[in-house]
Amino acid sequence: MAENRVHPRAPIELKVEYKRLNRFFADYTRNISKGGTFIATAHPLPLGTRFVFRLALPAQAEPLELLGEVVRASVGEASDPTGMGIRFIFDDDRARSAFAAKVEGIMAASLGEELARKLVAQERN
């Protein structure tokens, strides 16, 4: 699947909160990119489900509310951890660009400037 991704992912763990059928969940990302994330969860949502979730970002007081769509779900096979792949959905290009800048900042803070620059450069090639 990695070869089909438009945006390179960085192995960054962030807290994610969302609601399903009047029940709240708090899980963590396994990785994140400008276009999506993988949420490690024992209760993946069905493919195609669109839902609003809150993503806790470092150095930001309030979590960021995002709309996402489940594009992949797995139930814990040896090479595939249990969870769901989420594609971010934005209202417009301005919102997409603002979030992309935040992700680049998270990558730089978590992985270091040089590695973050390399990941971003991979995307542009």
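The values are calculated or read from the model by the stated rules, or taken from the named source; none is laboratory data. Every value quoted in this text rests on a predicted model; they were computed, and no experiment measured them. Cβ atoms come from the backbone with ideal geometry, glycine included; neighbour counts cover every protein chain shown.
When only residues in region 37-64 that are of a type in the set (A, V, I, L, M, F, W, C), in a loop (DSSP other than H, G, I, E, B) and under 17 Å from residue 19 (Cα atoms) count, which is modelled with the lowest pLDDT? Talk me through it step by step, then tell me what you get.
From region 37-64, those of a type in the set (A, V, I, L, M, F, W, C) are 38-40, 42, 45, 47, 51-53, 55-57, 59, 61, 64; that's our starting set.
Now drop any that are not in a loop (DSSP other than H, G, I, E, B), which leaves 42, 45, 47, 56-57, 59, 61.
Of the ones still in play, those that are also under 17 Å from residue 19 (Cα atoms) are 42, 45, 47, 56.
On the way: 42: 87, 45: 90, 47: 94, 56: 90.
Within region 37-64, the match that is modelled with the lowest pLDDT is 42.
Has region 19-36 got at least one residue that is more than 11 Å from the chain's Cα centre (by Cα) and part of a loop (DSSP other than H, G, I, E, B)?
yes
Exactly one of these conditions fails for residue 73: (1) at pLDDT 85 or above; (2) loosely packed, with under 14 Cβ neighbours inside 10 Å. Give me its number.
(2)
Any idea how many residues of region 76-95 are free of Cβ contacts under 8 Å to residues at least 40 places away in the same chain and touching a strand residue (DSSP E or B) at 6+ places or on another chain (Cβ under 8 Å)? If you could, list the steps in order and put the result at the bottom.
Within region 76-95, the subset free of Cβ contacts under 8 Å to residues at least 40 places away in the same chain is 76-80, 89-95.
Checking which are touching a strand residue (DSSP E or B) at 6+ places or on another chain (Cβ under 8 Å) leaves us with 80, 89-90.
Final tally of qualifying residues: 3.
Which one of the conditions (1) in contact (Cβ under 8 Å) with a residue 40 or more places away in the chain; (2) under 22 Å from residue 115 (Cβ atoms); (3) buried (at least 19 other Cβ atoms within 10 Å of the Cβ) does residue 29 fail to meet, given that it meets all the rest?
Going through (1) in contact (Cβ under 8 Å) with a residue 40 or more places away in the chain; (2) under 22 Å from residue 115 (Cβ atoms); (3) buried (at least 19 other Cβ atoms within 10 Å of the Cβ) one by one, residue 29 breaks only (1).
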